[in-house]
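Note sheet for the following structure.
The values are calculated or read from the model by the stated rules, or taken from the named source; none is laboratory data. Quantities reported herein were computed from a predicted structural model and do not represent experimental measurements. Virtual Cβ from ideal backbone geometry, glycine too; neighbours counted across all protein chains shown.
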Amino acid sequence: MKMHETEIEVKSPDGKSTLLLSGDKNSISVAHLEADQGVKFEATVDLQSGMPALEGLHHFLQGVVDPNSLTPITSQRLTNLGHRSKQPMRRLSGAFLTTMHVLLTSAEYTNFTYDLWSTSKKYLAHTTAMVTRSTPEEIQTYIEEAEQDETLHQHIRDMTAALPDHVRAGSDDEIRFGRRLGWYAVVRAIKPKFIIETGLDKGLGAVLLCAALKRNAEEGKPGRYLGTDINPDAGYLLAPPYDEFGSIAVGDSLESLSTVTDEIDVFVNDSDHSEDYEAAEYACIAPRLSDDAVVIGDNAHTTSKLVGFAEESGRKFLYWQEKPADHWYPGGGIGFAFR
Ligand SMILES: C[S@@+](CC[C@H](N)C(=O)[O-])C[C@H]1O[C@@H](n2cnc3c(N)ncnc32)[C@H](O)[C@@H]1O
């Protein structure tokens, strides 16, 4: 095996077999080693040409296939294997390198953040414009406003720097809003009086939504935010001056939502991601939604509860699929239920 810049060794619990992954900018290799038999299988992909050399594959096949027993068609299929593996191996090698990049440059282990692929952002602008009856250009302006809000970015950096070490260890300094940019644009476009977000984690969505409310207030269209989370430590990014526009209710979201009496203009579901819980949140807030309310689901890439809610409550539904740039996570999305 060639020497590579990056090597990962994964041993089986009994220590008898090892998976060796190695790669550099030109190629990646995967090798399977057994303690008593040496290399069992080894494959190398040349990233420039995308052609797999599949060194050792013929030895592997020799062990399981009797060449005399092959029909012409099976023989042809085996010959085609190298060519057929070109595309998927290329994809696999790309995913491997992206994964290595994220593992080495990000400390996050949950609720991953990333930038959006530029075309995905454009699709977001068009989808959000349809939901809010505005133009893609207007939505694009709001997206850029959030991305370029240096005061907000500095606030997040300062709050992150002040975290205790054990929390800080799982956070990145870089600020990447991902699909939350769509939430921000909705709030900027429709100027809601009351927003609810269930599930806060660090409070990235919370502080971004309140930054939108801050801008709306400066334009004479004030509104307020309520965040709910079962974890009393969640939402720490929602601090002065942004907490002037919102507050946090600690406790189970369904319990907190059941006490809400005001009309809700924007609802963001992002707490317990089980299907039943998501549906229960929509059912709970349904009687409180204003006529033109926008309901945003952060679970629509995995469940059909929001589209079901839209159908039952006479609302339209749109789904936008997020596509992260440079991250192994395939992306979530935004489900919109609206009138
Ligand atoms: C995916 S995170 C939320 C991410 C956040 N919206 C953001 O913008 O980064 C999910 C959050 O839901 C909270 N959660 C889970 N079950 C809950 C429940 N039953 N009631 C309230 N919060 C809950 C978790 O504590 C966690 O902070």
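Per-structure values
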read-out	value
Those residues of the range 124-145 which are β-branched (Val, Ile, Thr) and touching a residue at least 24 places away in the same chain (Cβ under 8 Å), in sequence order	Thr127, Thr128, Val131, Thr132, Ile139, Ile143
Complete set of residues in the range 180-216 that are touching a residue at least 60 places away in the same chain (Cβ under 8 Å) and more than 15 Å from the ligand (Cβ to nearest atom)	Ala189, Ile190, Pro192, Lys193, Phe194, Arg215
Filter result for the condition that a residue is within 16 Å of the ligand (Cβ to nearest atom), assigned by TED's automatic domain parsing to the domain that holds Phe194 and surrounded by fewer than 16 Cβ atoms within 10 Å (Cβ to Cβ), over Glu263, Glu275	Glu275
Members of the range 290-315 that are in a strand (DSSP E or B) and under 21 Å from Arg180 (Cα atoms)	Asp292, Ala293, Val294, Val295, Ile296, Gly297
Residue under evaluation Tyr123, criteria (1) in a helix (DSSP H, G or I); (2) hydroxyl-bearing (Ser, Thr, Tyr); (3) within 16 Å of the ligand (Cβ to nearest atom), criterion not met	(3)
